[in-house]
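Derivation of every value follows stated rules applied to the coordinates shown; laboratory data play no part. As the structure is a computational prediction, the values presented were derived from the model and not from experiment. Here the Cβ positions follow ideal geometry from the backbone for every residue, glycine too, while neighbour counts run over all protein chains shown.
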Amino acid sequence: MQNQKLTRTVILLCLTLAVVEFSLRGPLRTLLLGTFTDFSGVYVASRQWVSNSDPYRASQFMQTWVAAGGEAFENRGSDANLRPAYPPSTLAIVAPFALFRWLWARDLFLISVVALFPILLRAVMRLGQTRWNTDTGLAGSAFAFALAPWHAAIAWQSITAPALELAIIGASIRSNFGSVLTGLALCLKPQLAAWFLLFEIVKKRWHRVSVALVIFAFVTLFAVTRMPVGWLSSYRENLRYFFAIGDVNDFTLRNASRFELLNLQVIYYFVTRRYAFANILAWFTTAVLVLFWLRKGFRSEAVCVAVIALIGLLPVYQRIYNAGVIVLILPYALRCWAELRGKLLLALCSVFLLPGVAILQTLHTRRWLSDAFWNQSWWFNVVVGPHCTWALLGIIAILLLSQESTVGAEQTD
C-alpha cells in the first residue's frame, strides 16, 4: 500500500511538472515569440479568401497582414512565408478566425488548440483502453504533456496541432461525430489525416469513410467556388516556392535546417545525392512498411492507427512537430513496461522529450559544429542529424515485428 501511494505521488509530481513545462514551452512561448507564427500565413490567406480576393497572391500578403494588425517584415528567412501554400479546404476551416484582427485571431487559435489537448489525451486513453485516472493513464498524460513536438506545434501555432487533435479524437469516437472530426482533420492537413482515413478503410468502416470524404469534398468545393479567376496559377507558383531547393522545406544539403524534417528523403538524399532517387526510395520504404502493417493482426486499435500514422510521416514533407502522433502508443508502452518491448518503446519515445534538433541547430549556429561537419560528416547526416526519424523507424519496427503484449487492457469508462 505504501509503495502504491509513493508511486501515485511520484506520478502526480511528474504530471504537475510536465503541465508546467507544457505551459511554458507551448502557449506562453507563443506570446513571447512576437506577432508572426506559422498560423500567420494561413490566417492571411483565409482573410483574403473571405474577402473574395486571391488568397495565394503574394503581392497582397503584406498589405492584408498589416491591415489586420500584423507587423511588417521582409521574408523572415524564406520567401515561402509570403506565399501561403495551404489547400483551399484549410482556408475555409480557418475562416472563423480570419474574421478577427490578428492578435485576437492568434489568441483564439491558441486557446482552441490548448483546450483540445486534454480531450486528445482522454481520446488516447479511450483508444488504448486505459482509464485516465489510473497510474498508467496519469503517467501517459505526464509523458504526453512533456513531449517537445507538441510544445513546438503549439508554440509556433502549426496547423498540425488541431489537425492531429481532431484526427485522434475522431478515431476514438464511433458515432458520426467522429467521422465529422476526421473530415475536418482532412480539410486542415490532408497529408496527415489521410493515414487515419486509411485506417478506417482497412477496418471497412465505409460509413465513417464516406462521411469524412463527403465533408472534405464539400468544404473543398465550397472553398474553390469562392476563388477568383487565376487563383490556381498563384497556388502553383506558391507550391514551387514551398518546395524550392535550398528553402526551409527542402531535404537536400542546401537547406541548413533540413533535420527539422522527418521524411526519409533527408537520409536517402545524403546517401545517394540524387533528388528523384531519394523520393523513390522513401516511397518504396513506405510501401513495404504499409504492406507489413496490412498483414499484421493488431489487437489494439490505438497501436494499429499509431503505426500507420507514423508510417505516414516518412514519405512526404513532415516537420518535427508532426511526431506528436506518438501519444497514441504511450498507454500500450506503459502497460508493457515489464517487458523488453515496453522499455524499448518508452526509450525511443523519450527521444522526443528534448528538442534535440533545436539543440543541434544552436550548436551549429554558434559554430560549435562547423559547416563542413554539418554538411559532410556521414555519421552525422545519416544518424545524428535525423535521429528523430530513426526513433520513429525503431518504434514502427518494434510494433510491426513483435507480438502484442498479453498484458490486459484496463476497462475504460
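Measure nothing fancy, just the Cα-based angle from helix 356-365's long axis to the longest principal axis of the chain, in degrees from 0 to 90, nearest 10.
That helix lies at roughly 50 degrees to the long axis.
In whole percent, what relative contact order does the chain give with Cα contacts below 8 Å and a gap of six or more residues?
Relative contact order for the chain comes out at 19 percent.
Per residue of segment 90-104, what does 6.51 cos²θ - 1.76 cosθ + 1.60 with θ = phi - 60° give for ³J(HN,Hα)? Whole Hz please, x for Gly and Pro, Karplus curve as stated.
Coupling constants for segment 90-104: 5, 4, 5, 5, 7, 3, x, 6, 5, 6, 9, 5, 4, 4, 5 Hz.
Relative contact order of segment 195-303: what whole-number percent is it, with Cα pairs under 8 angstrom and at least 6 residues apart?
Result for segment 195-303 is 11 percent.
Angle, helix 301-311 long axis vs. longest principal axis of the chain, Cα atoms, 0 to 90°, nearest 10?
40
Which value in nm describes the separation of the simple spin-label points at ILE119 and TRP390, placed 7 Å from the Cα toward the beta carbon?
It is 3.9 nm.
What is the helix-to-structure angle for 58-67, meaning the angle in degrees between its Cα long axis and the longest Cα principal axis of the chain, kept from 0 to 90 and rounded to the nearest 10?
That helix lies at roughly 80 degrees to the long axis.
For the chain, what is the convex hull volume of its Cα atoms per residue in Å³? Numbers along the way, then the final one.
Details: hull volume 59.9 nm³, N = 413.
It comes to 145 Å³ per residue, whole-number rounded.
Treat every Asp and Glu Cβ in the chain as -1 and every Lys and Arg Cβ as +1, leave all other atoms uncharged, and give the resulting dipole magnitude about the Cα centre to the nearest 20 debye.
The calculation lands at about 500 debye.
For a distance above 16 Å, tell me the whole-number percent of Cα pairs in segment 124-169 that qualify.
47
Answer with one residue from PHE277, VAL307, LEU291: the one whose Cα lies farthest towards the positive end of the charge dipole of the chain, charges on Cβ with Lys, Arg +1 and Asp, Glu -1.
It is LEU291.
How much length is gained on full extension from ASP79 to THR16, taking 0.36 nm per residue of separation minus their Cα-Cα distance?
18.6 nm
Please report, in cubic angstrom per residue, the volume enclosed by the convex hull of the alpha-carbon atoms of segment 31-190.
Once divided by residue count, the hull of segment 31-190 is 113 Å³.
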